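One structure below.
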Amino acid sequence: MKIRKFIATTAREALREIRSELGEDAVILSNRKTEQGVEIVAMANDEMVRLSGDEMVRLSGTIKHGQKLKAREQESAKAEKTAAAVTAAVTAPAVTTAEASILGEIKSMHSMLQKQIETLSWNNVQQRDPQRAGLLRRMLNSGFSTLLARQLLNKMPDGNEKGEAWIKQVLKRNLRVAAEDDDIVVKGGVYALIGPTGVGKTTTTAKLAARAVVRYGADKVALLTTDSYRIGAYEQLKIYGKILGVAVHAVKGADDLRLTLSALRHKHLVLIDTVGMGQRDERVSEQSDMFDATSVQRLLVLNSTSSGDTLEDVVRMYYSNKVIGCIATKLDEAVNLGALLDVVMRHRMVMYFMANGQRVPEDLHPVNIDVLLHRAFKAVEEKTPFTLEELEFPMMMAGAVESSTNEVSYAL
């Protein structure tokens, strides 16, 4: 890969030298002002065409500004204006409207060139390593983020014929599951189930209470609700309490909660059903303050049918150091589980239970990672409008962000 560096007094002189030595179709990779003058890095167009996929990836990380010199004379004037604008941008603290427009064009050309190089690179990956590309596409169609999928596939050893098995092993090592000794029904204590509306908090609260009643008796369990907003919310929990023979209390505010918990301190397990609120509702922080003031531990209830962006937002707004872990609900309704597992692993949350239906208490189970991973990678029988096709794959990956502050370090 022959890359040339040209230094001249002005950008215009450097461009003339590039035309003379590399031709009218030379590709400009970067330009900057130095003590010696204007420095422009470029390469011949035929060299660009012959680049391999790996070379394209390396090159795309070094490009600052990209453009092609035009063969037609009438277009060369525009290139001269561009060069003048670049020089002005380096030397002057401010730019005119016309110069800003030209610089915007340069940035746009740079973005287009970089995306084209990345697209060619992913096409090269598909041709050179179809198994790796197929696994990456499968993970994306299963709901996993491009960030996680790309990191895993980059770390996967070359020539690994059992790629899916390797990925499952890595995910299994990085997904955290509560140990038997951490079972809240066995340990006892005070726990609040938190999360947005409609994730199944009330039903899950009843399922946990039923497990505790079977093991310790109804007199050792109490149910509380902070939900005074929804019509019938308290009545729904009272129906479950009546069936289980467990007392149900409604509380309002930190002082009321503190007094009620003091009266119930002899109970083995106290479960608090909370009002469902959108993750951006200002009452989320108020609820968190109330539980902080009363030292109540929390379990975040996550809806397995939610998209990755929604789950990420829910965790970001609800999660804190007082949230001991999560419970995954609605597994029976979810088409894929990649987004759920991705978000849980990224935030290193401990999974306590998984729920797959409305029956109390039958549809609440200890977390089985093997089952979840099997579901996550199970091929969908019918394609949907959201299924990523093979021809769309390079374009999508070319637009994906190469790095993120949310990157996770994995135990390989």
Would you mind stating whether residue 311 is in contact (Cβ under 8 Å) with a residue 40 or more places away in the chain and hydrophobic (A, V, I, L, M, F, W, C)? no
In the range 308-346, how many are touching a Cys at 6+ places or on another chain (Cβ under 9 Å) and farther than 20 Å from residue 141 by Cβ? 2
Report those helices (runs of 4 or more DSSP H) wholly inside the range 137-208 carrying at least 1 residues which are surrounded by fewer than 19 Cβ atoms within 10 Å (Cβ to Cβ) and modelled with pLDDT of 90 or more. 163-174, 184-187
Whether any residue in the range 339-357 is over 19 Å from the mean Cα position of the chain (by Cα), in contact (Cβ under 8 Å) with a residue 40 or more places away in the chain and assigned to a loop (DSSP other than H, G, I, E, B) is what I want to check. no
Only residues that are β-branched (Val, Ile, Thr) and either more than 22 Å from residue 185 (Cβ to Cβ) or assigned to a helix (DSSP H, G or I) (or both): list them for the range 256-273, please. 260
Hey, does the range 38-49 have a residue that's part of a loop (DSSP other than H, G, I, E, B) and modelled with pLDDT of 80 or more? no
Looking at the range 221-235, which of the residues that are under 17 Å from residue 192 (Cα atoms) and assigned to a helix (DSSP H, G or I) is modelled with the highest pLDDT? 234
Only unsatisfied item for residue 268, checking (1) over 21 Å from residue 372 (Cα atoms); (2) free of Cβ contacts under 8 Å to residues at least 60 places away in the same chain, is (2)
Does residue 388 meet the test of being surrounded by 14 or more Cβ atoms within 10 Å (Cβ to Cβ) and at pLDDT 90 or above? no
Applying the selection to the range 328-352, what residues are in contact with a strand residue (DSSP E or B) (Cβ under 7 Å, 6 or more places away or on another chain) and either more than 13 Å from residue 368 (Cα to Cα) or buried (at least 24 other Cβ atoms within 10 Å of the Cβ) (or both)? 328, 329, 330, 340, 344, 348, 349
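The values are calculated or read from the model by the stated rules, or taken from the named source; none is laboratory data. The shown structure was predicted, so the numbers you read here are calculated from the model rather than taken from an experiment. A quick note on method: Cβ atoms are made from the backbone with ideal geometry, for glycine too, and the neighbour counts reach across all protein chains shown.
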